[in-house]
1. Where does the charge balance sit around His75 when Lys and Arg score +1, Asp and Glu -1, over other residues with C-beta under 13 Å from its C-beta?
2. Can you sort Tyr98, Tyr272, Tyr63 by solvent-accessible area, 1.4 Å probe, largest first?
3. If you take every residue apart from Pro205 with its C-beta less than 13 Å away from the C-beta of Pro205, what net charge results, scoring Lys and Arg +1 and Asp and Glu -1?
4. If I stretch the segment between Val69 and Ser124 completely, what's the gain in nm (0.36 nm per residue apart, minus their alpha carbon distance), one decimal?
5. Compute the distance in nm between two label points, each set 7 Å from the Cα along the Cα-to-Cβ direction, one at Asp150 and one at Asn192.
6. Give me the net charge of Gly61's neighbourhood, meaning all other residues with Cβ under 9 Å from the Cβ of Gly61; Lys, Arg count +1, Asp, Glu -1.
7. How many nm is it between the label spots at Arg228 and Tyr98, if each spot is 7 Å from the Cα in line with the beta carbon?
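The values are calculated or read from the model by the stated rules, or taken from the named source; none is laboratory data. Since this is a predicted model, take the numbers as computed values, not measurements. Don't worry about glycine lacking a Cβ; one is built from the backbone with ideal geometry, like all the others, and counts go over all protein chains shown. The accessibility values were calculated without ligands, DNA or RNA, using every heavy atom of the protein model including side chains. Shrake-Rupley method; radii C 1.70, N 1.55, O 1.52, S 1.80 Å.
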Amino acid sequence: MAAMARLFRSSSSSSAVFFVGRSLYTAAATELKSQSCLSRIDPKGRNVQWVFLGCPGVGKGTYASRLSVLLGVPHIATGDLVREELSSSGPLSKQLAYIVNQGKLVSDEIIISLLSKRLEAGESKGESGFILDGFPRTVRQAEILDEVTDIDLVVNLKLPENVLVEKCLGRRICSQCGKNFNVASINVKGENGNPDISMAPLLPPPQCVSKLITRADDTEPIVRERLRIYNEKSQPVEDFYRNKGNLLEFDLPGGIPESWPKLLEALNLDEYEEKQSATA
Ligand code: AMP
């Protein structure tokens, strides 16, 4: 992770980084070549470095955050970093709001700069390992990540498109505690031999009910645009990792109660979780 933060730090050391276009990559690649061999850490001697892929609304944040607690590694969601930046009064805030509210992707330069700052902050607190959620979202981002560190596993979460839309439209966040909920009650008939999918709503506790907000980009036209962009820009990232042989495809069978145990099983973590719960 140190290699990653160092690389990204070099990329973000100037505020001009946001506007320099491809020269960012030239500088990054040069630094990389001189560091990568020395800085790679033996996968057996460090915490996991995982990536969660999947369409908007699939539940990357939910499962990545549960696994981060279980494995004791940070859950880093680039969407959260973008939202923090756009709600600040920083120089990028207006530009980001415009891009995000159209359902478009932020430039690779900006996202790498935000991620580098987050990694640097974590490194100074002694964090190690990570579960990335929402990054990489373009093949270029995947290539840069691949140049700076080893990714042990990429989990590709999948749900049918009509379920994804319903889930995004039902998503609510408590403006006070920041927890995520979902008011949608989903019952979708499986097509082409696929099983039916039911998901109970994940309702907020009474103290959060009056504080619920909806993400500005969770309206139907924007969700559909985000799905279109996922298919165009992010699906090739699945192929990138499929070719590398570290992609785990996971079709979610339903809501959290059905999916969580099955995901743990697919990750060979079911026994680990039982041991952790027993010692807690
Ligand atoms: P998310 O919460 O993951 O749906 O992300 C919200 C928004 O942040 C996305 O629609 C993009 O505009 C932006 N974003 C998050 N991660 C990335 C990324 N890796 N590359 C480009 N844009 C991103």
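1. Neighbourhood net charge equals 0.
2. Ranked list, largest accessible area first: Tyr98, Tyr272, Tyr63.
3. That sum, taken over residues with Cβ under 13 Å, equals +3.
4. So the extension gain works out to 17.8 nm.
5. Distance between label points: 3.7 nm.
6. Value of the local net charge: -1.
7. 2.0 nm
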